[in-house]
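Q: Below are the structure tokens for one structure; questions will follow.
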Amino acid sequence: MNSTLVDIEKRIKEIEDELKNTKYNKSTEKHILKLKARLTYLRKELEEKKRREKKRISKAGIKKEGNARVTIIGPPSVGKSYLFNRLTNAKSEIGDYPFTTLDIHPGVMKYKNAKIQILDTPGLIKGASLGRGNGREILSIARDSDLLLIMVDVFNYDLDTILNEIYNFGIRINKKEPNISVRKTERGGIKIIPTLPLSVSEDYLKSIAWEFGYRNADITIREDISAEDFMDVLAGNRVYIPATLAINKIDLVDNNYLSQLKRKFGKWNPIFISASHGYGISTLREEIFKKVGLIRVYLKPQAGEIDIHEPLILRRGATVKDICNAIHRDFVKRFRYAMIWGRSVKFEGQHVGLDHRVEDEDIVRLVLRKY
Ligand SMILES: Nc1nc2c(ncn2[C@@H]2O[C@H](COP(=O)(O)OP(=O)(O)OP(=O)(O)O)[C@@H](O)[C@H]2O)c(=O)[nH]1
Ligand SMILES: [Mg+2]
């Protein structure tokens with residue numbers, strides 16, 4: 001680690017400490033916000049420095065496979081590998097000691113015609129986002145996933161540490177990207193242009209933008225946001241990913257204990273499982289399928305029945321063009337129009353073009369030129 005990295009980390013630590021020791025009230029509000037903005041800025045700088053340095057560090061470099069990618073992430077020994085072995089065709093070592101898994105392992109879960117890549121990762125520990133325990137490799141691969149499967153167990157459920165590390169690495173879970181656009185300008189200072197009333201004052205937002213180095217910019221804000229949301233947008237390297245919480249080893253506790261956990265983690269809608277006994281696994285598979293954002297489209301051949309057993313699996317937001325490409329390279333060239341029955345159209349059998357977006361369970365018939 002070079003000295004600048006250490007420097008930045010030291011400054012981050014100092015600001016974090018100051019934040020911890022500053023009581024929140026009207027008179028400190030502004031100062032706190034400034035500290036937070038600086039913190040975000042420093043974290044971003046740290047991030048970039050580390051990224052540049054990363055070339056040195058071995059990359060996990062795991063090829064994507066299938067229709068979507070899910071990363072299992074959680075503290076050591078909660079049963080990630082046990083679950084991974086159950087969900088996929090692959091094998092990962094299981095052990096009753098922490099850090100049994102040292103590398104990231106890929107496997108594939110087949111479900112409802114979809115192939116979903118699942119990644120088993122080493123236990124995530126405090127400081128992971130700064131590189132402890134292969135943390136950056138784990139979080140890098142998590143950033144590049146369609147879903148995070150956050151896993152804890154009935155005794156080891158320090159979710160806050162995991163969430164903190166995820167957050168500090170620029171991953172925002174179960175949240176949409178804030179609807180803000182930033183346009184740098186030549187002059188005129190920082191202009192905040194809200195399209196609706198905001199709960200954060202414009203002056204605050206301006207001072208944050210200033211901290212981030214903006215001097216002239218038009219910033220359009222199209223929804224009510226928090227100061228954090230705003231910083232995320234200015235920082236610019238955030239990813240927004242859905243997450244599901246699984247709580248493992250329920251075979252070890254009684255119903256009373258489980259009810260307490262349910263209350264504690266209620267807002268997460270966790271899935272309670274036992275990887276070793278198999279409880280809750282089918283619910284979890286279904287949840288994964290739903291949350292990774294896949295849709296099923298049934299193709300209607302020119303003549304004959306729809307093959308409802310064999311849907312085509314696509315990503316949410318896919319268009320007719322994607323369907324063509326998924327079937328045959330030539331189909332886009334030969335495409336005349338498509339007919340659709342289902343949620344994406346106003347009336348049954350509607351004719352649409354290549355850019356039309358399909359929805360889950362649409363029935364699609366492609367009408368093509370002869371060659
Ligand atoms: N009772 C019970 N034990 C489990 C369950 N799932 C896993 N275990 C045990 O928990 C221990 C850890 O399991 P692993 O799958 O290796 O845990 P891990 O999260 O992959 O651990 P690391 O790779 O070290 O991070 C092993 O002794 C497993 O047999 C479960 O559902 N119930
Ligand atoms: Mg493991």
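Q: Taking the Cβ-Cβ separation of residue 10 and residue 334 as r and a Förster radius of 41 Å, what is the calculated FRET efficiency to the nearest 0.05? Display every interim value, and only then the final one.
A: Working: r = 62 Å, r/R0 = 1.52.
Given R0 = 41 Å and the Cβ-Cβ separation, E is 0.10.
Q: For region 178-226, what class follows from the C-alpha gyration tensor (a ≥ b ≥ c being the square roots of its eigenvalues): rounded when a/c is under 1.5, otherwise prolate if a/b is larger than b/c, else oblate? Write out the running numbers ahead of the final one.
A: Values: a/c = 2.00, a/b = 1.49, b/c = 1.34.
Prolate, since a/c reaches 1.5 and a/b exceeds b/c.
Q: How do 203, 96 rank when sorted from fewest to most other Cβ atoms within 10 Å of their own Cβ? Numbers along the way, then the final one.
A: On the way: 203 10, 96 6.
Result, fewest neighbours first: 96, 203.
Q: Here's a follow-up. 222 nm [θ] for the chain, helices only, -39500 (n - 2.57) per DSSP H run of 4+, per residue, to 500?
A: Values: 11 runs with 124 residues, N = 371.
Helix-only estimate at 222 nm: -10000 deg cm²/dmol.
Q: Please tell me the relative contact order of the chain in percent, rounded to the nearest whole number, where contacts are Cα pairs under 8 Å and at least six residues apart.
A: On the way: 661 pairs, mean separation 49.0, N = 371.
Relative contact order, the chain: 13 percent.
Q: I've got another one for you. Assuming 0.36 nm per residue, please report the length gained on full extension of the stretch residue 210 to residue 310 beyond their Cα-Cα distance. Intermediate values should be presented prior to the final figure.
A: On the way: separation 100, 0.36 × 100 = 36.00 nm, distance 5.44 nm.
Here the segment from residue 210 to residue 310 would lengthen by 30.6 nm.
Q: For labels at residue 367 and residue 144 in the simple 7 Å Cα→Cβ model, what's the distance in nm?
A: Going from the residue 367 label point to the residue 144 one covers 4.3 nm.
Q: Apply the Karplus parameterisation 6.51 cos²θ - 1.76 cosθ + 1.60, with θ equal to phi minus 60°, to every residue of region 317-333 and state each ³J(HN,Hα) to the nearest whole Hz, in sequence, with x for glycine and proline.
A: Coupling constants for region 317-333: x, 5, 10, 4, 4, 4, 4, 3, 5, 6, 9, 7, 4, 7, 5, 5, 5 Hz.
Q: Using only the Cα atoms of region 295-368, build the gyration tensor, take square roots of its eigenvalues as a ≥ b ≥ c, and label the shape rounded, prolate or oblate: rounded if a/c is under 1.5, else prolate if a/b is larger than b/c, else oblate. Intermediate results must be reported in sequence, preceding the final value.
A: On the way: a/c = 1.15, a/b = 1.13, b/c = 1.02.
Rounded, because the longest to shortest axis ratio a/c is under 1.5.
Q: Expressed in nm to one decimal, what extension gain is obtained for the pair residue 26 and residue 258 from 0.36 nm per residue of sequence separation less their Cα-Cα distance? Present the calculation step by step, with values, prior to reporting the outcome.
A: Details: separation 232, 0.36 × 232 = 83.52 nm, distance 4.08 nm.
Gain on extension, residue 26 to residue 258, equals 79.4 nm.
Q: Taking a ≥ b ≥ c as the square roots of the Cα gyration tensor eigenvalues, with a/c under 1.5 meaning rounded and otherwise prolate when a/b beats b/c, else oblate, which class fits the chain? If you can, show how the numbers build up before the last one.
A: On the way: a/c = 1.94, a/b = 1.23, b/c = 1.57.
It is oblate, given that a/c is not under 1.5 and a/b is not larger than b/c.
Q: Give me 183, 329 ranked fewest to most by other Cβ atoms within 10 Å of their Cβ, as a rough exposure proxy. List each step's numbers first, then the result.
A: Numbers: 183 11, 329 8.
Lowest to highest Cβ neighbour count: 329, 183.
Q: Loop only per DSSP, at most 12 neighbouring Cβ atoms within 10 Å: give me the trypsin sites (Lys or Arg not before Pro) in region 112-158, ordered by residue number. Present the calculation step by step, with values, prior to reporting the outcome.
A: On the way: sites: 112, 115, 126, 132, 136, 143; in loops: 112, 126.
Filter output for region 112-158: 112.
Q: Along the Cα→Cβ direction, 7 angstrom out, place labels at residue 174 and residue 223. What is the inter-label distance in nm?
A: 1.6
Q: Considering only lysines 8 or more places apart in sequence, or on different chains, count the pairs in region 100-245 whose C-alpha atoms sit under 28 Å apart.
A: 16
Q: Set the Förster radius R0 to 51 Å, insert the Cβ-Cβ distance between residue 18 and residue 113 as r into 1/(1 + (r/R0)^6), and round the FRET efficiency to 0.05.
A: Given R0 = 51 Å and the Cβ-Cβ separation, E is 0.45.
Q: If you don't mind, there's one more thing I want to ask. Lysine pairs, Cα distance under 27 Å, 8 or more residues apart or cross-chain: how many in region 251-371?
A: Close lysine pairs found across region 251-371: 21.
Q: Something else about it: Step through the residues of region 97-112 one at a time and calculate ³J(HN,Hα) from phi using the Karplus curve (6.51 cos²θ - 1.76 cosθ + 1.60, θ = phi - 60°), rounding each to whole Hz and writing x for Gly and Pro.
A: Karplus values, whole Hz, x for Gly and Pro: 10, x, 6, 5, 8, 10, 10, 8, 10, x, x, 10, 9, 9, 8, 6.
Q: Still on this structure, I have one more. For residue 97 and residue 325, what is the calculated FRET efficiency with R₀ set at 45 Å and r taken between the beta-carbons, to the nearest 0.05? The partial results should precede the final answer.
A: On the way: r = 47 Å, r/R0 = 1.04.
Computed FRET efficiency for residue 97 and residue 325 comes out at 0.45.
No lab work stands behind these numbers, since they all come straight from the coordinates. The structure displayed is predicted, hence computed values, not measured ones. As a convention, Cβ positions derive from the backbone with ideal geometry for all residues, glycine included, and neighbour counts pool all protein chains shown.
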